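Read-outs: derived from the displayed coordinates by stated rules, not from any lab. Fair warning: this is a prediction, and the values are worked out from it, not measured in the lab. All Cβ positions, even for glycine, are placed from backbone atoms using ideal geometry, and neighbour counts span all protein chains on display.
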Amino acid sequence: MASGAKWDHEWAEAQRRDRLSPRHVRMGRELGLNPSRLGKLANQRQEPWKAPLPEFIEPIYQERFKREGPLPLGRQRSQPETELSSGRAGPAG
């Protein structure tokens, strides 16, 4: 199994095991979290001071990337907001 496919499989397993939404999986991947070690973070039943895993991931993601959640898959990060919303690729004229 290739390393990329293995990593995808580990994230799919972590999503099922830790009951993560696809949004939280994308945030965890962008943060560079290791899916096999999420069990240490998602232990709020035995350690009640720990937050549930989705509540743990969201503030870290917001602090690092300065946005609420991951960008939509089809959107490129290099395009400014004005170009995306106006529908034009170049200057008016």
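Filter the stretch 15-62 down to the residues that are closer than 22 Å to Leu73 by Cβ and among the small types (Gly, Ala, Ser) and list them by number.
Ser21, Gly28, Gly32
Inside the stretch 23-33, can you point out the residues that are aliphatic (A, V, I, L, M) and either surrounded by 14 or more Cβ atoms within 10 Å (Cβ to Cβ) or not in a helix (DSSP H, G or I) (or both)?
Hits for the stretch 23-33 are Val25, Met27, Leu33.
Restricting attention to the stretch 34-76, which residues are surrounded by 13 or more Cβ atoms within 10 Å (Cβ to Cβ), free of Cβ contacts under 8 Å to residues at least 24 places away in the same chain and of a type in the set (Gly, Ala, Ser)?
Ala51
Give me the pairs: first residue in the stretch 6-29 and among the small types (Gly, Ala, Ser), second residue surrounded by 15 or more Cβ atoms within 10 Å (Cβ to Cβ) and assigned to a helix (DSSP H, G or I), beta-carbon distance under 6 Å, and six or more apart or on different chains, which are they?
Short answer, once both residue conditions are applied: Ala14/Pro35; Ala14/Leu38; Gly28/Ile57.
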